[in-house]
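These notes are about the structure you will find just below.
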Amino acid sequence: MTLNLCVLTPNRIIWDSEVKEIILSTNSGQIGVLPNHAPIATAVDIGLLRIRLNNDQWLTAALMGGFARIGNNEITILGNDAEISTDINPQEAQQALEIAEANLSRAEGKRQAIEANLALRRARTRVEAVNVISY
Amino acid sequence: MACSNLAITWASPKPSDHDHLSSRAFLAPSRLLFAPASASSPRPPRSTAVYCGLRELRDRIESVKNTQKITEAMKLVAAAKVRRAQEAVVSGRPFSESLVEVLYNINEQLQTEDVDVPLTRVRPVRKIALVVVTGDRGLCGGYNNYIIKKAEQRMAELSTLGIAYTVISVGKKGNTYFQRRPYIPVDRFLEAGNLPTTKEAQAIADDVFSLFVSEDVDKVELLYTKFVSLVKSDPVIHTLLPLSPKGEICDVNGVCVDAAEDELFRLTTKEGKLTVEREMVRTPTPSFSPILQFEQDPVQILDALLPLYLNSQILRALQESLASELAARMTAMSNATDNAVELKRNLSMVYNRQRQAKITGEILEIVAGAEALT
């Protein structure tokens, strides 16, 4: 049995093909999905999406939160935004992280703190996606 | 320039009809080109034309010719960009379709439960945030003015109702407008960029989200230009927050449309190449398998879905606004080109007539001189 993964964002389709396995960061922790998984619906946190391709290579993507539906060997991930690690520029991601950290330390009030926190988590995920240890 | 006055009297017979155009600070010679093409035939050149020298006329014809080239090019560029904007909408379609499908199903499953999600909480309205989407550039007819006028009208309405408001301005034109009017409270100035992507939509969504969740505002309204067709677009007001948990979209008057219908309705607005079909299609919503489990609380899942929905709504509005702007620019530039052609023709006529008169005069002089000698 094969597993079909489809990652959609409002801009474009990020990924639509067969995979062997994925590891998904949900709101309640990471889950691994193999073929013939029980049908579930889950909220996806801002975090990494790891994909094992048919040639057993792992691929990492940064996922900016969203929703996933698994069932019938079909995974549909609806995300705000997603980037495959090879598309991310490491220097730019690192800079964005530093800016986000600086912004958080300067944030005043509840509102700015919410915004700065979200931005920081996004930036951190992108850096993690680039620097992930491949195994 | 001696002949600019006379040219204006020919080419824009009714300057007061298009005040939104003439109020812009164009240079005098080019200004009349951007007036809508008038169907009436040009008036015969007045006798004042005689005061204009041949050389000035020649320069003027040359300058009109150059302007015509520019407007023609701008029109073509806008046409190409409209097509790109359409593609952007089409490529976002799989996402919206899946989203509506999921939202619809989850709602059905949650109907029996009492859900309480921050984004759907309806509070008594004390303050409203208005997100005003304008373009980055001018030269697109009344596009920016219409939406700003709509915003002003809404602000006046809110003032009479005694409701406070704050503006989130998106787009350079709106930014300069609101910056020049410090009495309008503006929360943030944003720029939409050339082709709206999730990044821009996210920036707006983050802003309205934090405003709403921190209870700074109790309602968020989105003012944008709805793309109806290449020659028609409507500035509309659309309530963004609070979202209805059933995925309905409500307008200002409280009329709600089911998302499953509305989504596709909006998406098909840019169907077809240069014609627009508006069809009402209902997304097929196959029900989930009954054994579907929720990994988290249904509330949490809805919490993850609704921001997605919010983002896609904002993105759609940005895309529609961009398409409207480009269509407006196309029309304006096409009119400007027509006017330039007309003006060039009139000027050439006057030029040729004067040239002829001059030659005739010279011949007469020569003949008279020759006759006097004999």
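The residue that is farthest from the chain's Cα centre (by Cα), among those in the range B:169-201 that are among the polar types (S, T, N, Q) and surrounded by fewer than 23 Cβ atoms within 10 Å (Cβ to Cβ), is B:GLN179. Being of a type in the set (Val, Ile, Thr), open to solvent by 40 Å² or more (accessible area, probe 1.4 Å) and in a loop (DSSP other than H, G, I, E, B) is the filter here; which residues of the range A:1-35 pass it? Matches in the range A:1-35: A:THR2 only. Looking across the range A:75-119 at every residue that is within 11 Å of another protein chain (Cβ to nearest Cβ) and open to solvent by 50 Å² or more (accessible area, probe 1.4 Å), the one that is farthest from B:GLN296 (Cα to Cα) is identified as A:GLY109.
Among the residues of the range A:57-74, which ones are surrounded by fewer than 20 Cβ atoms within 10 Å (Cβ to Cβ) and among the aliphatic types (A, V, I, L, M)?
A:LEU59
Can you run down the residue pairs with Cβ atoms below 6 Å, 6 or more apart or on separate chains, where the first is in the range A:33-44 and more than 7 Å from chain B (Cβ to nearest Cβ) and the partner is part of a loop (DSSP other than H, G, I, E, B)? Every condition considered, the pairs that remain are A:PRO35/A:MET1; A:PRO35/A:ASN73; A:ASN36/A:MET1.
Does any residue of the range B:278-299 turn out to be at pLDDT below 80, open to solvent by 10 Å² or more (accessible area, probe 1.4 Å) and closer than 20 Å to B:ALA85 by Cα? Yes, the range B:278-299 contains a residue that is at pLDDT below 80, open to solvent by 10 Å² or more (accessible area, probe 1.4 Å) and closer than 20 Å to B:ALA85 by Cα.
The values are calculated or read from the model by the stated rules, or taken from the named source; none is laboratory data. Here the structure is a predicted model, which means the values were calculated and not measured. Positions of Cβ are backbone-derived with ideal geometry, glycine not excepted, and every protein chain shown enters the neighbour counts. When the accessible area is computed, the model is the full protein with side chains, heavy atoms only, and any ligands, DNA or RNA have been set aside. Shrake-Rupley method; radii C 1.70, N 1.55, O 1.52, S 1.80 Å.
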